[in-house]
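Working notes for the structure below.
The values are calculated or read from the model by the stated rules, or taken from the named source; none is laboratory data. Every value quoted in this text rests on a predicted model; they were computed, and no experiment measured them. We place every Cβ from the backbone using ideal geometry, glycine too, and count neighbours over all the protein chains shown. Ligands, DNA and RNA are stripped out before the accessible areas are found, and what is left, the full protein with its side chains, is counted by its heavy atoms. Shrake-Rupley method; radii C 1.70, N 1.55, O 1.52, S 1.80 Å.
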Amino acid sequence: MVASVVRQWRAVRPELDTGPMEIIGRVNRCAALLQQAEDAPLRRAGLTRAEFDLLGALRRTDHELTPGELVRETFSSGAAVTKRVKHLTERGLVERRGDARDRRVAHLRLTEAGRALVDGIMPEQLAYESAVLSALDTDRQDELAGLLGELLSRLEGHMQALRI
């Protein structure tokens with residue numbers, strides 16, 4: 001699909017350097033395809049990707065987090081975290097505890113049901129990811145992880161510099 005788009009651009013605008021499109025287009029296409037397949041276990045559990053990211057943050061840190069900490073852990077907005085926490089609390093997956101010293105602060109943690117749900121989904125997620133990556137040998141996977149890590153680090157630094 002990306003190769004076809006690049007060929008079309010080269011046909012109508014041969015002077016353009018489509019090299020960046022070949023990389024960004026493929027990264028975006030991979031991300032979209034991976035997201036669709038990864039979300040299958042989440043859909044069966046009645047979760048969105050964003051809700052699972054929030055539950056995963058609570059599980060992997062293995063302690064209570066404030067909504068502000070969840071914003072940073074999940075790269076989400078405060079309003080989005082508030083909405084997700086409300087929904088996950090209503091489902092009995094997250095519980096909220098008020099701060100004894102400051103009533104404006106909430107502490108959030110997984111319930112036993114929330115922990116069991118995350119622990120049940122993670123092996124399926126990781127098995128899927130391993131199967132997808134098995135097309136590349138370990139050295140190529142390491143190389144790809146390094147390159148993507150470098151790109152991500154630069155992009156995050158660039159976005160911070162622009163205050164986006």
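Below is a table of values for the structure above.
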| quantity | calculated |
| --- | --- |
| Every residue from segment 88-107 that is open to solvent by 70 Å² or more (accessible area, probe 1.4 Å) and assigned to a helix (DSSP H, G or I) | E90 |
| Close pairs from segment 9-26: first farther than 21 Å from L155 by Cα, partner in a helix (DSSP H, G or I), Cβ under 7 Å, at least 6 apart | L16/W9 |
| Set V5, V94: member being aliphatic (A, V, I, L, M) and under 30 Å from L133 (Cβ atoms) | V5 |
| Criterion violated by V118 - all others in (1) touching a Leu at 6+ places or on another chain (Cβ under 7 Å); (2) open to solvent by 40 Å² or more (accessible area, probe 1.4 Å); (3) β-branched (V, I, T) satisfied | (2) |
| When residues of segment 44-79 are limited to those that are of a type in the set (S, T, Y) and in a helix (DSSP H, G or I), the one surrounded by the fewest Cβ atoms within 10 Å (Cβ to Cβ) | T61 |
| The one condition in (1) in a helix (DSSP H, G or I); (2) of a type in the set (K, R); (3) surrounded by fewer than 16 Cβ atoms within 10 Å (Cβ to Cβ) that R84 fails to fulfil | (3) |
| Search result, residues across segment 135-156 that are of a type in the set (S, T, Y) and surrounded by 10 or more Cβ atoms within 10 Å (Cβ to Cβ) | S153 |
| Test: residue in segment 129-141 that is of a type in the set (G, A, S), assigned to a helix (DSSP H, G or I) and farther than 25 Å from P67 by Cβ | yes |
